[in-house]
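To keep things clear, I will list the structure first and then write my remarks on it.
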Amino acid sequence: MRTALVIAVPEAESIVGPLRSRYDDADATGIPAHITLLYPFGDRDDGLADLFAQFEPFDFSLTEMRRWPDMVWLTPEPAAPFVQLTRALVERYPEHPPYEGAHDQVIPHLTVALHHAVPRDVGLELVHRLPITARATEAVQLEEYESGRWRERTRFPLGV
């Protein structure tokens, strides 16, 4: 079973949700608006509570819309806490490199549109609603319970 470790961003859902539903299959997959810490992750949760307890909750803002050829995404500021969490996870679980080692650098982001023919104007109305302020208080482990369908498995509080 594949899992993912994420910081859910419910503060962004009402703003990015309609675009994610249209351009990221969010409704079909069951994945909430989030910033990925580690994907894919295995079918385990040993040591995660202790690891996440070492990190204090933190405030962040989604401040800027950016684009890659097949993706529109929002950048969190500061990005450092997300990078630190990912590094700690990779150090503890080296058998699970982020995105299976496909990228040299992991860039924290909240995906708005992915893998569709994303029109150039997607997200322009979103820019006027930025920044979106949020607080990370817990990490969430999502599990793929059937192909392409995800659900929440466990929540791990930060700073406990």
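The values are calculated or read from the model by the stated rules, or taken from the named source; none is laboratory data. The shown structure was predicted, so the numbers you read here are calculated from the model rather than taken from an experiment. Here the Cβ positions follow ideal geometry from the backbone for every residue, glycine too, while neighbour counts run over all protein chains shown. Note: areas computed on protein heavy atoms with side chains; ligands, DNA, RNA excluded. Shrake-Rupley method; radii C 1.70, N 1.55, O 1.52, S 1.80 Å.
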- prompt: Can you tell which of V122, V112, V140 shows the greatest fluctuation in a Gaussian network model of the chain with Cα springs below 10 Å?
  reply: V122
Neighbour-limited loop hits for trypsin sites (Lys or Arg not before Pro), the range 1-63 (at most 16 other Cβ within 10 Å; DSSP other than H, G, I, E, B): R2, R44
message: If I compute solvent accessible area with a 1.4 Å probe over the protein chains, what percent of it on the chain is carbon and sulfur?
response: 50 percent
query: Once a ≥ b ≥ c are taken as the square roots of the eigenvalues of the Cα gyration tensor of the range 1-82, is the result rounded (a/c under 1.5), prolate (a/b larger than b/c) or oblate (a/b not larger than b/c)?
result: oblate
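Report the full-extension gain for the segment S14 to H128: residue separation times 0.36 nm, less the Cα-Cα distance, to one decimal in nm.
Answer, rounded to one decimal: 39.6 nm.
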query: Residues in the range 1-44 near a label at R151, defined as backbone nitrogen under 16 Å from the 7 Å Cα→Cβ point?
result: 1-4, 28-32
statement: Checking L142, L110, L124 against a Gaussian network model of the chain (alpha-carbon springs below 10 Å), the top fluctuating residue turns out to be L124
Extension gain from Q54 to R92, taking 0.36 nm per residue of separation minus the Cα-Cα distance: 12.4 nm
field: Relative contact order of the range 36-81, pairs being alpha-carbon contacts under 8 Å that are 6 or more residues apart, as %
entry: 26 percent
- prompt: Which angle from 0 to 90°, rounded to the nearest 10, does the C-alpha axis of helix 10-23 make with the longest principal axis of the chain?
  reply: 60 degrees
message: For a quick check: with amide H placed at 1.01 Å from N, whose amide H comes under 5 Å from L37's, ignoring anything fewer than 5 positions away on the same chain?
response: L5, V6, I7
message: Connecting C-alpha atoms closer than 10 Å in a GNM of the chain, tell me which of P98, P81, P18 has the biggest fluctuation.
response: P18
task: Using a 1.4 angstrom probe, figure out how much accessible area the chain has per residue, in square angstrom, rounded to the nearest whole.
output: 52 Å²
- request: Over the chain, calculate the relative contact order: mean separation of alpha carbon pairs under 8 Å at least 6 apart, over the residue count, as a percent.
  value: 37 percent
query: Tell me, in nm to one decimal, what length is gained between D104 and A79 on full extension, where the rule is 0.36 nm per residue of separation less the Cα-Cα distance?
result: 7.3 nm
